[in-house]
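Below: one structure, written as structure tokens.
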């Protein structure tokens, strides 16, 4: 099902450019982009599950950071491409990333508070 | 789709130039981040603090309360030995199903946005498939329902294996977190079915694209929450 991206008329391109300059409207990705995003998400998920079954890797210090990194990459890809935050207005970005940062800071702070995360000194 | 609400039918111009409904869904998603952060924090804080099993990643002997991360505990009577309760292969499949539902959702939105441009997706059968908003809305709803079936299977098998919401801290925090997520997926499936019913009744077109866009944002958010849950709850030991 390989298809060319949507044919854009010069009118629609001019309109999109004008709106982009105002930071209002952006064109959404094509089927080709969505297909690649789905493939990347699937591959990362397969790698995540694969490393879960490697005892030596599970026992290593890299296991948790590697899984968190892969999860974060998937998260960002979905938000940018499927939720169109990469193409949308900056106000939407602020409405999402602001609370997300507060939420992540809260989780990290609670992990320190309940000694799930510890900073070792000396 | 266009997010500007300049003289939009049924919606007055706004000071930001953006449709209030879209601002509202992003604000709602922001608040949902806080909700799931609290649930995930609770799970992580209680992780490893259960006094009795079954445990997520360890074998557990009920009679001696001994645990083992590597395999069955020697000398434990067969009826008292509990295996690690999380079923990673099944959950991996449900994760894949939810990821594919997000793909179907963006295709549904693209089909609605381009309804007035016949042939936008290219020639042939594949192009006609991509242009069918009904197909992709139905696919998304079915994949979401499939995810819920996996979750129902998981919950049922956990209860049969002796883990309920009252058994231990793991059970309480696990069922609360994944149950809340499942409730969100259920709401999303009902929302999608409503859109599908409208599409069947009168057809969804570019004028309705914002409605589909808003539901898509909610659906993708449910997906990204699961991405976090899958790693933090199921994969990290």
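The values are calculated or read from the model by the stated rules, or taken from the named source; none is laboratory data. For clarity, every value in this text was computed on a predicted model and none was experimentally measured. All Cβ positions, even for glycine, are placed from backbone atoms using ideal geometry, and neighbour counts span all protein chains on display.
Is it the case, given these coordinates, that residue B:60 is within 19 Å of residue B:157 (Cβ to Cβ) and either at pLDDT below 95 or in a loop (DSSP other than H, G, I, E, B) (or both)? So residue B:60 passes the test. Is it the case, given these coordinates, that residue A:75 is at the interface with chain B (Cβ under 7 Å from one of its Cβ atoms), modelled with pLDDT of 95 or more and surrounded by fewer than 18 Cβ atoms within 10 Å (Cβ to Cβ)? So residue A:75 passes the test.
Number of residues in the stretch A:50-71 that are facing chain B (nearest Cβ under 9 Å) and either part of a helix (DSSP H, G or I) or touching a helix residue (DSSP H, G or I) at 6+ places or on another chain (Cβ under 7 Å) (or both) equals 10. The single condition from (1) at pLDDT 90 or above; (2) closer than 27 Å to residue A:108 by Cα that residue B:69 fails is (1). Among the residues of the stretch B:163-179, those identified as surrounded by fewer than 16 Cβ atoms within 10 Å (Cβ to Cβ) and either touching a residue at least 40 places away in the same chain (Cβ under 8 Å) or outside any helix (DSSP H, G or I) (or both) are B:164, B:165, B:166, B:176. Hey, any hits in the stretch B:173-191 for a residue that's over 20 Å from residue B:26 (Cα atoms) and touching a strand residue (DSSP E or B) at 6+ places or on another chain (Cβ under 9 Å)? No, every residue in the stretch B:173-191 fails to be over 20 Å from residue B:26 (Cα atoms) and touching a strand residue (DSSP E or B) at 6+ places or on another chain (Cβ under 9 Å).
Contact annotation: residue pairs with Cβ atoms under 6 Å, 6 or more positions apart or on different chains, pairing a residue in the stretch B:56-73 that is over 14 Å from residue B:85 (Cα atoms) with a partner that is in a loop (DSSP other than H, G, I, E, B), are B:66/B:73. Among the candidates B:204, B:196, the residue that is buried (at least 19 other Cβ atoms within 10 Å of the Cβ) and not in a helix (DSSP H, G or I) is uniquely B:204.
Identify the residue in the stretch B:112-144 that is assigned to a loop (DSSP other than H, G, I, E, B) and in contact (Cβ under 8 Å) with a residue 60 or more places away in the chain and, among all such residues, is surrounded by the fewest Cβ atoms within 10 Å (Cβ to Cβ).
Filtering the stretch B:112-144 down to residues assigned to a loop (DSSP other than H, G, I, E, B) leaves B:114-123, B:131-132.
In the following step, the residues that additionally are in contact (Cβ under 8 Å) with a residue 60 or more places away in the chain were identified as B:114-116.
Numbers: B:114: 21, B:115: 19, B:116: 9.
Restricting to residues being assigned to a loop (DSSP other than H, G, I, E, B) and in contact (Cβ under 8 Å) with a residue 60 or more places away in the chain, the top hit is B:116.
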